[in-house]
Each structure stands twice: as structure tokens, then as C-alpha cells.
Amino acid sequence: MSQAPRYSYHRETIAHMGLDTPGPAEAVLGLLDERERACGVPLPAAVREWYALEAGLVERGLYFRGALLPQERLGDPYPGWSPDGEDHPLDLVGEGRLPVMVGEYGDCLWVVDLDGSEDPPVSVTDEYVEVSVPEIPWSPHAGSFSAFILGMCWVNAWLYRSGFHGLFLYQLPGDQPLSTADLSSLRARFAEGPRTVNNLRGFMTTRFTGRGVAFEIDDLPEDCAADDEPHRACDLGAFARAGGAVRSRRWSIKAESDEALLRLARDLRGWGLLDRLSRYTAYNKPELEAILRPICVRPAG
């Protein structure tokens, strides 16, 4: 049984993932103390709590599109490269940023902003770290480390408990542009999770769960989209201004069963939220294919 009450910052993640969370081992706490001494700054309380909790888990498969940096590297100079290809370790902690997670392909890096708070915000860069520290294009991502961890775990809740039942959808606007206001119908039907921005740069990510499914929706607002890369970064206030047109939308859905996936796909199509799919990945599930194929419109060119 989960023992969430002993944790201050990550109770929602524990509950969402259904984690069995034994108390942290003394060795883990000692290693975190060691890391603080090595990097010369105190680790924020929310960071310490998650690392101590995660180390005690028997199973993994927690994170979606990222990998947590191991405890033994926490606070070390981050590997980088100079323009001539030489090793160029980056003292990000000295710049007030603690690296905590890398993208699954190594093309994103998330850092905790060391602002002195116990549950600080998280920033991200979506470029390979090959430049000096002042030149790295950091963008805001999450309002707190605990929200960041919950977001990174969100869609894998059912993978962790029930194995893989997944569906990925990619959408283009039709005659009527997609709008972030479209999500209001989902908010009436599902529980909403943490919102994050700039993964990838310019995208706004909204998360929902209900009836055996957990999913996230990545929207690229028209006012952040650029014809030449990279897109313009969002700020965390973008959701308060939401409602305008979005250029693209992608859905990442995982469920407790294929039946739950089918139910959600039928509902989304019935609610008019899946017009003009440009691509989908249904993992050779014929019943899902029958729902999705008729509304798939291949982009011109």
C-alpha cells in the first residue's frame, strides 16, 4: 500500500502512479548529503524527496520522453562540447541551474532553477548542449519541481501498472483552426493534471486522466509558431491567455487496457476533437484502425 502521507511534495505523483513507496534508505540520504557537499549548494527539499523516494522503487518505467539523472551525478558539471568538438564540461550549478533530466534522445535537458525555494521552478533547453553556459537558450517549463515530476510521469501511469496500451495521434488544423479553447470539453469530463510549456519549444502541454486512461496534449499556438526553427518560447502565463488558434496538436495516450483506448478514441471522434489527423500510431490494433483511418488526411506534398 502507498504511504503517501510521509511525503510533502510528491504525494500527487505517488497517488497517480499507484506507487508502493518504502521509506528512503539511510545510504540514499547519505549520498544526497554527499552530493550537496560536492556541488557546494543545498539541494531543494522537493528534489531530495524525489531522489530518495525513486531510489527505493523496485520497478521503473516512470518517465515519458526523459530519464532522470542518476544520484551519483547530481550537481556534477554537465558534459558539453566546444565548437571544435573538444570536451567542455559546463558548470551549470555555478550558474544557478541543477540538471535533473535528459530527453530520451539526448536532445533536451531539464534543470531546476536554484532560487532558494524548496520546490523551485524547472527550465528546459531543447538543443544539444554544445555551447558555453551563457549561450544556452533556456525556456520556462514547469512552475515547480513537483509539478515537473508529475508531468513527466503522467502518461506512464498505466504503463507502470498494467503494461503497454498506447495510442499516439498527430493533428493538423482544417478549414477551422484548432483552438486551445477546444480543451474545455475535456475539462468537463476528465481530471486535469499539471500544465507545462516548451517541450518542445513553443508548445503548451495539458494533461488529463479518467476511466482508465492518462493522456497529454501538446499544442503549438499560432503566435508561437515560426516557419523557420526554432519556434518562439511560451511563458508559464500562456495558459491564462489560451483560446487562440493552434497550428498543430499531438496526443499521447496510454491506458489500462485496449478497451479503454477504444472507448477514448470513439469518444474523442464523437466529440469532434479528432478532425484531420495527419498521422497516428495504433500499434496494429484493427479496432483502433477502423476508428482512426477514416479521419486521417495526409498532408499535401
Legend entry - Pair list, Cβ < 8 Å and 6+ apart or interchain, from region 144-155 residues that are among the β-branched types (V, I, T) to residues that are part of a helix (DSSP H, G or I) and crowded, with 24+ Cβ neighbours inside 10 Å: I149/T13
Inset, instruction - Could you tell me whether A238 is free of Cβ contacts under 8 Å to residues at least 60 places away in the same chain, within 20 Å of the chain's Cα centre (by Cα) and either on the phi > 0 side of the Ramachandran plot or buried (at least 18 other Cβ atoms within 10 Å of the Cβ) (or both)? - result: yes
Inset, instruction - Just need a number here: residues in region 183-217 that are within 19 Å of the chain's Cα centre (by Cα), in a loop (DSSP other than H, G, I, E, B) and farther than 23 Å from V122 by Cβ. - result: 1
Inset, instruction - Evaluate the following for D227: is it outside the structural domain of Y63 (by TED's automatic domain parsing), loosely packed, with under 15 Cβ neighbours inside 10 Å and free of Cβ contacts under 8 Å to residues at least 24 places away in the same chain? - result: yes
Legend entry - region 16-36, subset part of a loop (DSSP other than H, G, I, E, B) and touching a helix residue (DSSP H, G or I) at 6+ places or on another chain (Cβ under 8 Å), residue surrounded by the most Cβ atoms within 10 Å (Cβ to Cβ): L19
Inset, instruction - Sort out which residues of region 65-95 are modelled with pLDDT of 80 or more and of a type in the set (D, E, K, R), and write them in order of number. - result: R65, E72, R73, D76, D91, E95
Inset, instruction - Could you tell me which residue of region 160-182 is nearest to R247 (Cα to Cα), considering only residues that are part of a helix (DSSP H, G or I) and touching a Leu at 6+ places or on another chain (Cβ under 9 Å)? - result: D182
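Listed here are the residues, each with its yes/no results for (1) out of contact with any Pro (no Cβ under 9 Å at 6 or more places or on another chain); (2) assigned to a helix (DSSP H, G or I); (3) modelled with pLDDT under 90; (4) over 19 Å from S123 (Cβ atoms).
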| residue | (1), (2), (3), (4) |
| --- | --- |
| D219 | yes, no, no, yes |
| D223 | yes, no, yes, yes |
| D227 | yes, no, yes, yes |
| W251 | yes, no, no, yes |
| K254 | yes, no, no, yes |
| L261 | yes, yes, no, yes |
| L264 | yes, yes, no, yes |
| L268 | yes, yes, no, yes |
Inset, instruction - Inspect all residues belonging to region 199-216 and state whether any of them is in contact with a Lys or Arg (Cβ under 6 Å, 6 or more places away or on another chain), surrounded by fewer than 21 Cβ atoms within 10 Å (Cβ to Cβ), over 24 Å from S144 (Cα atoms) and touching a residue at least 40 places away in the same chain (Cβ under 8 Å). - result: no
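Listed here are the residues, each with its yes/no results for (1) surrounded by 14 or more Cβ atoms within 10 Å (Cβ to Cβ); (2) free of Cβ contacts under 8 Å to residues at least 12 places away in the same chain; (3) farther than 22 Å from S139 by Cα.
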{"site": "A233", "(1), (2), (3)": "yes, no, no"}
{"site": "R249", "(1), (2), (3)": "yes, no, no"}
{"site": "I253", "(1), (2), (3)": "yes, no, yes"}
{"site": "L264", "(1), (2), (3)": "yes, no, yes"}
{"site": "L273", "(1), (2), (3)": "yes, no, yes"}
{"site": "A282", "(1), (2), (3)": "yes, no, yes"}
{"site": "K285", "(1), (2), (3)": "yes, no, yes"}
{"site": "E289", "(1), (2), (3)": "yes, yes, yes"}
Legend entry - Subset of region 127-144 [in contact with a Phe, Trp or Tyr (Cβ under 7 Å, 6 or more places away or on another chain) and at pLDDT 95 or above]: H141, A142
Inset, instruction - For E192, indicate whether it is in the same structural domain as S257 (by TED's automatic domain parsing) and at pLDDT 90 or above. - result: yes
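The values are calculated or read from the model by the stated rules, or taken from the named source; none is laboratory data. These figures come from a predicted structure and were not determined experimentally. Cβ: placed from backbone, ideal geometry, glycine included. Neighbour counts: every protein chain shown.
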